[in-house]
Every structure is written in C-alpha cells, then in structure tokens.
Amino acid sequence: MGWSITQFRGEEIIEIAVQMEQAGKLFYEKASQVVADARLQEVLIFLAQEEDKHIQDFTKLGEKLHYHFLPGESYAGEYEDYVRSLVNSHIFNVNQVEDLVKEAKSDKDILQLALSFEKDSIILFQEFKNMGNQAAQEIIEELINEERGHIKRIGAMLKDM
C-alpha cells in the first residue's frame with residue numbers, strides 16, 4: 001500500500017474500511033454455507049447483510065471526510081507504522097477468507113473467527129474515528145456501536161455452545 005497515515009485522504013480510509021467489510025461479508029456468506037447449526041446460519045446471514053450495509057455507509061461517508069491529523073510520535077512515521085500494522089494484521093483479508101472457512105473445524109471456530117473480525121474492525125475504526133472531523137466521528141461511532149452489537153450477539157452464541 002502506498003499511503004501515509006499523516007496525509008490520508010478520506011478516500012484511502014474508505015477504501016481500507018470497505019475492503020475489510022467486503023472480506024467480512026464474504027466470510028459470513030461462505031461460513032453460513034458450511035455451519036451445521038441452523039440458528040448460527042441465520043446469524044451469519046444477518047452479519048453478512050450488516051457488512052453489506054457498512055460498505056454502503058462507508059461509501060457515503062467518504063464524500064464527507066476531511067482529515068487534519070497530526071499524530072504525537074516518538075519518531076517520524078511511528079503512527080503510520082502502527083496503523084499499517086493494524087491493517088496488515090486484521091484477521092480477514094479477502095484473499096484468505098475461503099481458506100479460513102475451510103480450516104475452521106467447527107461452528108465454534110467460525111464464531112471465534114467472527115469475534116476476532118469484529119474486534120479487529122473496532123480497533124481500526126477507532127483509529128479512523130480519531131483522525132476524522134466531527135461528522136466522520138459521529139458516523140464512525142455509530143458503526144463501532146453496531147460492531148459492538150455484533151460482538152454481543154456472537155459472544156452469546158459462543159456461550160450457548
């Protein structure tokens with residue numbers, strides 16, 4: 001990726017967020033086809049629809065973003081390295097989703113992957129929120145709250161297994 005976090009344009013943040021959400025949607029769609037539990041399948045289909053909604057939300061948000069961000073750094077590029085690490089270590093990469101689904105040995109594994117995805121997404125969205133203007137912060141906070149709701153739902157299902 002050829003970007004700089006301190007010179008991010010709104011479009012670049014949106015591109016990263018949309019790619020994450022597309023990977024999540026693909027994971028939930030693929031996983032819904034292989035799980036044994038009908039209730040879990042229903043939840044995964046719901047989560048795929050939620051990710052699709054987030055893709056649309058982020059696309060609309062891209063038109064409103066104005067970023068003026070100067071991170072406190074110990075060395076030049078420290079914050080960029082941090083965010084790049086978050087993006088690169090995000091559990092879902094579109095190219096790896098099918099492999100993750102195939103490697104999952106149980107419905108519980110699928111749920112744990114979903115939980116990791118939602119947690120990773122919140123961490124990244126929080127960083128994007130910190131860099132945004134007021135309008136962007138409010139919208140991203142709504143998306144973060146939706147992800148928190150997903151975590152609660154996934155956690156409840158894990159608890160029942």
Q) Which one of the conditions (1) at pLDDT 85 or above; (2) over 21 Å from residue 101 (Cα atoms); (3) surrounded by 14 or more Cβ atoms within 10 Å (Cβ to Cβ) does residue 148 fail to meet, given that it meets all the rest? A) (3)
**Q.** Matching residues, the range 100-153, being outside any helix (DSSP H, G or I) and under 28 Å from residue 35 (Cα atoms)
**A.** 104, 105, 106
(Q) Would you confirm whether or not the range 30-37 contains a residue that is among the β-branched types (Val, Ile, Thr), at pLDDT 85 or above and buried (at least 18 other Cβ atoms within 10 Å of the Cβ)? (A) yes
Q: Working only within the range 45-54, note down all residues that are at pLDDT 90 or above and either touching an Asp or Glu at 6+ places or on another chain (Cβ under 8 Å) or surrounded by fewer than 19 Cβ atoms within 10 Å (Cβ to Cβ) (or both).
A: 45, 46, 48, 49, 50, 51, 52, 53
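The values are calculated or read from the model by the stated rules, or taken from the named source; none is laboratory data. It should be emphasised that the depicted structure is a prediction, and the values quoted were computed from it without experimental measurement. Ideal geometry is used to build each Cβ from the backbone, glycine not excepted, and the neighbour counts take in all protein chains shown.
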